Amino acid sequence: MKQVKPVRVIAIASGKGGVGKTNLSVNLGVAMAKLGRQVALLDADMGLANVDVLLGIRPQFNLSHVLTGEKSLADIMLEGPAGMKVIPASSGIQKMSDLSNVEQGAIIHAFSEMDDNLDILIIDTAAGISPSVVNFARASQELIIVVCDEPTSLTDAYAFIKLLNRDYGVNHFHVLCNMVKSMQQGQLLFNKLTKVTDNYLDVNLQFSGAIPYDEDLRKSVQKQNAVIEVYPNSKVSKAINDVARRIDNWPIKTKSDGYLEFFVERMIEYSIQEAVA
């Protein structure tokens, strides 16, 4: 019987768009790959998939081709910086409740086959609180909420946390503050959010760090590459590497829910629940 190892599954989400979530997903994935981890990044923004654009890669195939049996998961994965793998977005996983039993089994099997060759799966969700975003957040072992210093970012992040807590019993969240002027500003931003959640919700928020605003990030987007690749000594790259090391030290779940097949099974289960509700 094949021995599988636990895989850290991390969803990165935000209450609203424009907070730099996808850029952080890409760069954190590359940073963890540089730490020697086997990393895959799943582009789960079904409407506005742009991981491939940020990295200048052109996918020919996606998860829908895995569902039909035309391709294996290994066939559709693209090579990113530092050996990180990229799994292109597909509308096929947005409607998991519509999949046949055979298709459900195919996608569970495809992900379970990755266990041996993967340490971390990062899921770049869409912005907002659509059902697919909620399902990814619930199914993942760890959830990072990205916020920036804008009132709408905080209010939308709070709404997302409230929804997951009130309706689905999620009570543990990591918060990453992006595009801040200083670490102190990032801490103040986190404190603003926790002040509200402490008063109204039964949740535990953990400060995962602060990423400074840096023109080098904009330049890296224009170059269609990860900033930690093209500007490794920039302020933003150093901050991203700090956060990656912190994430790497999070405890790894070794129970059954640490296996990729259980992550996908939960995704299917939650999608079906949402469809019949």
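Worth pointing out:
- Residue satisfying all of: in the stretch 132-162; outside any loop (DSSP other than H, G, I, E, B) and surrounded by fewer than 16 Cβ atoms within 10 Å (Cβ to Cβ); farthest from the chain's Cα centre (by Cα) among these: 151
- Condition met for residue 52 (in a helix (DSSP H, G or I), under 30 Å from residue 248 (Cβ atoms), at pLDDT 75 or above and acidic (Asp, Glu)): yes
- Some residue of the stretch 177-190 being under 27 Å from residue 265 (Cβ atoms), hydrophobic (A, V, I, L, M, F, W, C) and part of a strand (DSSP E or B): no
- Summed over the stretch 224-266, residues that are of a type in the set (Lys, Arg), loosely packed, with under 15 Cβ neighbours inside 10 Å and modelled with pLDDT under 85 total 1.
- For residue 128: the one exception among (1) modelled with pLDDT under 90; (2) surrounded by fewer than 21 Cβ atoms within 10 Å (Cβ to Cβ); (3) closer than 26 Å to residue 248 by Cβ; (4) of a type outside the set (Asp, Glu): (3)
- Residues considered: 267, 179, 183. Of these, the only one that is more than 26 Å from residue 36 (Cβ to Cβ) and in contact with a Gly (Cβ under 7 Å, 6 or more places away or on another chain) is 179.
- Taking the stretch 175-215 as the range and being acidic (Asp, Glu) and exposed (fewer than 15 other Cβ atoms within 10 Å of the Cβ) as the test, the residues that pass are 198, 202, 215.
- Filtered residues of the stretch 191-208 (kept if over 21 Å from the mean Cα position of the chain (by Cα), closer than 12 Å to residue 174 by Cα and touching a residue at least 40 places away in the same chain (Cβ under 8 Å)): none
- Residue 181 meets each of the listed conditions (1) closer than 29 Å to residue 238 by Cα; (2) in contact (Cβ under 8 Å) with a residue 60 or more places away in the chain apart from (2).
- For residue 245, the criteria (1) among the charged types (D, E, K, R); (2) over 17 Å from the mean Cα position of the chain (by Cα); (3) farther than 24 Å from residue 154 by Cβ hold in every case but one, which is (2).
Quick grid of which residues meet (1) within 17 Å of residue 145 (Cβ to Cβ); (2) in contact (Cβ under 8 Å) with a residue 60 or more places away in the chain:
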site: 189; (1), (2): yes, no
site: 216; (1), (2): no, no
site: 224; (1), (2): no, yes
site: 227; (1), (2): no, yes
site: 233; (1), (2): no, no
site: 242; (1), (2): no, no
site: 246; (1), (2): yes, no
site: 267; (1), (2): no, yes
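- Subset tally (residues that are touching a helix residue (DSSP H, G or I) at 6+ places or on another chain (Cβ under 7 Å), modelled with pLDDT of 90 or more and not β-branched (Val, Ile, Thr)) for the stretch 83-117: 2
- Condition broken by residue 170, with the remaining ones in (1) assigned to a loop (DSSP other than H, G, I, E, B); (2) modelled with pLDDT under 90 satisfied: (2)
- Filtered residue count, the stretch 202-254, keeping only those that are out of contact with any Leu (no Cβ under 9 Å at 6 or more places or on another chain) and under 23 Å from residue 141 (Cβ atoms): 11
The values are calculated or read from the model by the stated rules, or taken from the named source; none is laboratory data. Not measured: the values here are computed from a predicted model. Neighbour counts are summed over all protein chains in view; Cβ atoms, including those assigned to glycine, are modelled from backbone coordinates with ideal geometry.
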